[in-house]
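Single-structure report; data block below.
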Amino acid sequence: MCESLNLKGVVFGGRMPNYHKVQDQYTPKEYINCVKQKKLHDPVLNFQISNDFHPVRVIKGYLKGDDDSADYAVLMEWDNIYYTKPTKSPLTVKTIVRLGLIQWQMRPYDGLDQLMQQVEYFIDSVSGYRCDFAVFPEFFNAPLMAKFNHLKESEAIRELAKFTDEIKRRMSEFSISYNINIISGSMPELVGDTLYNVGYLCRRDGSVERYEKIHVTPDEAKVWGMQKGTYLKTFDTDCGKIGILICYDSEFPELSRLLADEGMDILFVPFLTDTQNGYSRVRLCSQARAVENECYVAISGSVGNLPNVENMDIQYAQSAVFTPCDFAFPSNGIKAEATTNTEMILVADVDISLLRELHSFGAVKNLKDRRKDLYDVIRVNL
């Protein structure tokens with residue numbers, strides 16, 4: 001654990017259970033030296049010394065009533081020889097990043113607990129493959145609207161929004177307990193009386209950040225009264241800088257270009273599409289984002305049917321990981337893809353260092369070769 005977390009070492013207080021036998025002959029310091037030289041035997045000290053722990057100092061009164069140790073203990077320390085001093089940045093960025101995409105099956109659930117049991121199952125699965133990210137689709141929690149199907153669609157989605165805080169809390173707990181960064185897909189959120197389509201980045205260090213869907217579809221606005229988001233940013237992680245665009249946002253190249261200018265390495269696109277036409281728009285645009293921004297793009301969607309939820313009847317998806325198109329990458333720009341319309345996980349490794357090489361030495365340089373003397377993309381709302 002010390003080596004994997006880059007910790008300096010382990011320190012603890014250890015008893016000297018055989019010291020009482022010779023305390024009239026040796027001081028604690030002399031006793032420790034005799035144990036180290038194998039002249040005397042102590043079950044605790046011998047075991048710890050044989051495992052590369054070394055005594056630091058003697059502690060008096062460590063455990064009251066420990067007559068065997070004569071109330072003494074030894075402060076033992078184990079040093080991690082692989083420890084490296086952290087840089088000013090709090091994050092140690094990985095080079096090879098493993099992505100775990102959840103192609104989620106829409107199915108009825110009795111309630112939030114049953115849905116979160118399925119969420120944990122998938123997080124456990126991708127964590128078992130040592131994935132750095134677990135990526136859920138847009139509106140993966142839509143089955144919970146079934147119990148509100150007697151209401152108007154605009155009212156049912158607001159009832160669904162009441163689960164969002166609890167889902168966020170539990171996902172954050174999962175990110176820590178399973179040591180994985182979680183892209184929560186998206187969920188409806190009420191801010192006052194305003195309804196947004198939002199999601200959360202739950203880092204494995206326990207921190208949580210929020211992202212919004214900037215462009216809502218005509219159907220979202222008409223049926224649910226969903227409002228447009230205004231918040232766009234990149235996120236620092238222990239696996240590089242990432243961006244997250246929800247579904248329709250991937251079809252607007254200006255957004256991903258702004259994120260690329262901030263140093264984005266991986267773009268995540270949680271999506272929900274009902275037809276092959278809608279899916280093709282998300283897929284083809286996401287592939288274009290990977291090429292033009294010299295980054296990886298991971299899209300994750302839902303499959304299956306929800307006959308008891310209005311406006312969410314059918315789903316179509318094929319989750320995938322896209323790359324730039326150059327010699328160091330697949331010629332078709334597809335790193336991995338799931339089976340169409342099948343519940344499954346998709347695991348793929350991406351090499352961040354290849355993006356650095358592409359940026360400087362690629363056959364073409366999509367970011368460097370932009371004609372900023374003729375055009376540019378700038379933020380209007382900062």
Flag if Asp236 is in contact (Cβ under 8 Å) with a residue 60 or more places away in the chain, of a type in the set (Asp, Glu) and closer than 27 Å to Ser353 by Cα: yes
Breaking point among (1) modelled with pLDDT of 95 or more; (2) hydroxyl-bearing (Ser, Thr, Tyr); (3) surrounded by fewer than 18 Cβ atoms within 10 Å (Cβ to Cβ), for Tyr279: (3)
Every pair of residues 6+ apart whose Cβ atoms lie under 6 Å, when the first sits in segment 287-303 and is part of a helix (DSSP H, G or I) while the second is surrounded by fewer than 24 Cβ atoms within 10 Å (Cβ to Cβ) and modelled with pLDDT under 95: Glu292/Asn366
Single unsatisfied condition, Arg283 versus (1) more than 30 Å from Lys152 (Cβ to Cβ); (2) in a loop (DSSP other than H, G, I, E, B); (3) not acidic (Asp, Glu): (2)
Residue check for Pro253: of a type outside the set (S, T, N, Q), at pLDDT 95 or above, within 24 Å of Leu355 (Cβ to Cβ) and surrounded by fewer than 19 Cβ atoms within 10 Å (Cβ to Cβ): yes
Residue within segment 97-111 that is of a type in the set (Val, Ile, Thr) and either in a helix (DSSP H, G or I) or farther than 18 Å from Arg204 by Cα (or both) present: no
Top-ranked residue of segment 61-82 - restricted to ones that are part of a loop (DSSP other than H, G, I, E, B) and hydroxyl-bearing (Ser, Thr, Tyr), ranked as nearest to Met1 (Cα to Cα): Tyr82
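The values are calculated or read from the model by the stated rules, or taken from the named source; none is laboratory data. Computed from a predicted structure; not experimentally measured. Note that we place each Cβ from the backbone using ideal geometry, even for glycine, and neighbour counts take in every protein chain shown.
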